[in-house]
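Written below as structure tokens is the structure these notes are about.
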Amino acid sequence: MRVRRALLVVDLEGVAGVDAPAALISGTPEYARSRALLTAEVNAAVEGLLAAGFQRVRVSDSHLCGSGESNLLPEALHPSAEPCFLEEDAYAASFFEDVQAVACLGMHAAAGSAGFGAHTVDLLGAWTCAGRALSEADLVLALAAEADVPAVFVSGDEVLQASLAGRVGYVRTKAALSVTEASSRPPEEVLAELTRAAALPARPVEPLPDAPLVLTFKSGHQASLAARAGARRLDLYRVEVEGPSFRERYTRALRAAAAASSVLADAVADVPGSPDFTRDASALFRLPGPPAHPTPPGTEATARALRAFLSRTEDGDDESRALRALTLHMLEGHAPGVFARLGLGATLAEAVAALAQVPLALPFGLPADVGMSRVDAWYVLRERGLPHAPLEPEALRAYLEYLNGQDEGIYAWLLGEMAATCGLDVRLSIPERALRGTWHLADLYWLTHLYLLDTRYLRFPLKDPGAAAWTEELLVATPWVVEQGHVDLAAEVAFCLQCAGEAGGGAHALLLSLLLAHQGPDGAMEDAHATAGALLAFAGAEERHRFAR
């Protein structure tokens with residue numbers, strides 16, 4: 001006699017009581033409770049499906065928590081449940097074989113929506129079909145429709161419910177407050193409702209249009225990786241896949257998404273369960289995809305920043321002289337069209353000439369920012385091929401050792417690297433990214449200065465083979481930088497993303513919005529350095545919009 005079997009696809013974001021990103025990640029204190037809540041919801045749904053006449057329930061756990069294992073508690077699982085966990089594809093064709101109905105539990109809304117934990121398949125890509133945003137529930141239902149398997153219910157938040165528009169029975173488990181916060185209904189109420197919904201008759205599922213699947217990624221590099229896996233590149237951020245059936249299109253899209261998601265291995269810090277991993281995973285939920293019509297700040301933002309920058313560096317002290325000359329030197333290379341439009345040639349020449357007054361002595365006790373300005377002055381003169389006093393190797397080496405001994409290792413590293421690019425190699429043995437995992441803010445400055453060194457301070461294109469990985473790290477860090485209001489760092493991240501060709505992405509748009517919100521009526525930011533960074537960021541955005549090279 002044939003066994004009547006249902007397929008229950010489960011996720012974790014839509015489970016009642018799971019209301020924060022930490023609850024989704026293996027190793028966190030919250031995760032153990034999430035497993036128990038998920039297992040209880042599965043058991044409640046199994047009870048309802050049994051009441052509807054099914055004898056066995058195949059349970060495919062689709063949530064990847066970072067452990068490489070299922071989220072269900074096997075010892076607490078209903079005896080009629082048949083747990084399945086296939087990390088590569090939770091919606092594999094074999095799971096739909098010999099089942100008479102499908103249901104989805106604990107689901108979340110599509111990538112780009114306001115639902116809690118909203119994403120599609122992974123945290124990088126948004127999936128669409130014929131212009132319609134697809135959630136993972138949409139994918140399961142479309143696969144079921146093609147296999148001629150009816151659906152019983154879906155559960156999750158109200159954002160997913162609205163997107164499904166009554167096409168399937170629904171149990172609302174929570175309300176999304178944001179993509180990283182929800183307010184759940186009492187779990188005991190949800191359990192009873194799941195049992196009732198699972199006992200209702202299944203009904204046919206409407207198929208998706210016979211059209212290509214389009215995946216929109218959060219970086220151009222991700223889209224490139226997807227294209228190498230067989231997808232067709234549409235533009236910088238989008239690829240599409242075709243195929244004779246939805247199953248074939250889905251499989252090809254899944255392969256492309258997996259190739260793109262390989263960037264996360266280096267971009268996300270530490271290991272699942274650690275605070276740094278949870279921070280970065282939360283940031284990926286908040287990181288938007290590329291805006292449909294990116295608009296850079298108007299020319300007035302650049303003009304205001306320039307006026308404020310020149311005003312704040314006119315005092316004539318050594319630090320102001322060095323900052324003025326180095327910033328204009330960078331601007332000339334980073335945004336030559338804007339530089340010419342603003343007529344800054346004579347201003348740069350005057351600023352560079354004034355560097356002759358900056359001393360190059362580096363005695364013990366000299367503050368790091370003053371020492372930086374002196375090396376900056378020497379660097380600009382040397383880079384521009386102008387006469388300059390020599391920087392004594394022994395004095396520089398001794399100063400680097402002094403800085404390193406004063407816990408100013410990032411300055412010791414940077415000054416050593418700047419000098420080395422000019423042929424004066426007295427670098428100390430400082431590990432690269434020495435602050436990674438210990439001081440996030442300083443490590444991000446370290447990362448932005450890798451771009452500056454590689455481009456010789458925005459004068460040349462990126463060439464380091466590791467630059468794509470640097471960019472993925474900056475993308476992950478952007479929501480945190482914006483949330484913390486680090487204006488100076490935001491400006492640096494923005495012009496680094498411009499160097500990497502990411503001026504059309506969602507991270508870049510977030511950073512520019514932060515800078516615009518903090519720009520005073522006079523064009524100034526929080527200090528001269530931040531104002532200089534904002535000038536480069538605004539001009540770089542304008543350059544890439546108006547003077548695309």
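The values are calculated or read from the model by the stated rules, or taken from the named source; none is laboratory data. Given the structure is predicted, the values throughout are model-derived calculations rather than measurements. So basically every Cβ, Gly included, is an ideal-geometry build from the backbone, and we count neighbours across all protein chains shown.
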| note | Of the residues in segment 67-98, those that are outside any strand (DSSP E or B) and buried (at least 20 other Cβ atoms within 10 Å of the Cβ) come to Ser70, Asn71, Leu72, Ala90, Tyr91, Phe95, Phe96
| query | On the given criteria, is His449 at pLDDT 95 or above, part of a helix (DSSP H, G or I) and within 26 Å of Cys422 (Cβ to Cβ)? | reply | yes
| So how many residues does segment 315-342 have that are of a type in the set (Asp, Glu) and closer than 13 Å to Asp369 by Cβ? | 3
| note | The condition of being under 31 Å from the mean Cα position of the chain (by Cα), acidic (Asp, Glu) and on the phi < 0 side of the Ramachandran plot holds, among Glu75, Glu97, Glu69, only for Glu69
| query | Residue check: is Pro387 surrounded by fewer than 18 Cβ atoms within 10 Å (Cβ to Cβ), touching a residue at least 40 places away in the same chain (Cβ under 8 Å) and over 37 Å from the mean Cα position of the chain (by Cα)? | reply | no
| request: Just need a number here: residues in segment 124-167 that are assigned to a loop (DSSP other than H, G, I, E, B) and either on the phi > 0 side of the Ramachandran plot or surrounded by fewer than 22 Cβ atoms within 10 Å (Cβ to Cβ) (or both). | output: 9
| query | Can you tell me which residues in segment 174-188 are part of a helix (DSSP H, G or I) and without any contact (Cβ under 8 Å) to a residue 40 or more places away in the chain? | reply | Glu188
| Here are Leu348, Leu355, Leu424: which of them is aliphatic (A, V, I, L, M) and over 29 Å from Leu535 (Cα atoms)? | Leu424
| request: Of all residues in segment 452-469, count the ones that are over 19 Å from Gly533 (Cβ atoms), in contact with a helix residue (DSSP H, G or I) (Cβ under 7 Å, 6 or more places away or on another chain) and either part of a loop (DSSP other than H, G, I, E, B) or free of Cβ contacts under 8 Å to residues at least 60 places away in the same chain (or both). | output: 3
| Which one of the conditions (1) within 22 Å of the chain's Cα centre (by Cα); (2) surrounded by 22 or more Cβ atoms within 10 Å (Cβ to Cβ) does Ala114 fail to meet, given that it meets all the rest? | (2)
| query | Looking at Phe54, is it in contact (Cβ under 8 Å) with a residue 12 or more places away in the chain, farther than 19 Å from Ala16 by Cβ, in the same structural domain as Ala144 (by TED's automatic domain parsing) and surrounded by 19 or more Cβ atoms within 10 Å (Cβ to Cβ)? | reply | yes
| note | Taking first residues from segment 470-488 that are touching a residue at least 60 places away in the same chain (Cβ under 8 Å) and second residues anywhere that are of a type in the set (S, T, N, Q), the pairs with Cβ under 7 Å that are 6 or more apart or on different chains are Thr471/Ser219; Glu472/Ser219; Leu475/Ser219
| message | Can you tell me which residue is surrounded by the most Cβ atoms within 10 Å (Cβ to Cβ) among those in segment 224-241 that are outside any loop (DSSP other than H, G, I, E, B) and in contact with a Ser or Thr (Cβ under 8 Å, 6 or more places away or on another chain)? | response | Leu225
| message | Just checking, does segment 515-526 include any residue being without any contact (Cβ under 8 Å) to a residue 40 or more places away in the chain and acidic (Asp, Glu)? | response | yes
| Quick check: is even one residue across segment 32-51 in contact (Cβ under 8 Å) with a residue 12 or more places away in the chain and part of a loop (DSSP other than H, G, I, E, B)? | no
| note | All conditions in (1) free of Cβ contacts under 8 Å to residues at least 24 places away in the same chain; (2) touching a strand residue (DSSP E or B) at 6+ places or on another chain (Cβ under 7 Å) are true of Gly131 except (2)
| task | Inspect segment 292-299 for any residue being among the β-branched types (Val, Ile, Thr) and crowded, with 16+ Cβ neighbours inside 10 Å and give the result as yes or no. | result | no
| Yes/no for Ala202 being crowded, with 21+ Cβ neighbours inside 10 Å, out of contact with any helix residue (DSSP H, G or I) (no Cβ under 7 Å at 6 or more places or on another chain) and more than 22 Å from Ala130 (Cα to Cα) | yes
| message | Based on this model, can you work out whether Ala126 counts as among the small types (Gly, Ala, Ser) and within 24 Å of Gly220 (Cα to Cα)? | response | yes
| task | Please enumerate the residues belonging to segment 474-488 that are crowded, with 24+ Cβ neighbours inside 10 Å and of a type outside the set (Val, Ile, Thr). | result | Leu474, Leu475, Ala477
| note | For Asp122, the lone unmet condition from (1) touching a Ser or Thr at 6+ places or on another chain (Cβ under 7 Å); (2) touching a residue at least 40 places away in the same chain (Cβ under 8 Å); (3) closer than 25 Å to Gly48 by Cα is (3)
| task | Please work out which one of (1) touching a residue at least 24 places away in the same chain (Cβ under 8 Å); (2) over 22 Å from Gly504 (Cβ atoms); (3) part of a loop (DSSP other than H, G, I, E, B) is the condition Pro244 fails and give its number. | result | (1)
| said: Could you list, ordered by first residue, the pairs with Cβ atoms under 9 Å in which the first is in segment 254-265 and at negative phi and in contact (Cβ under 8 Å) with a residue 40 or more places away in the chain and the second is aromatic (Phe, Trp, Tyr) and not in a helix (DSSP H, G or I), at least 6 apart or interchain? | reply: Leu254/Tyr91; Ala257/Trp127; Ala257/Phe217; Ala260/Phe217
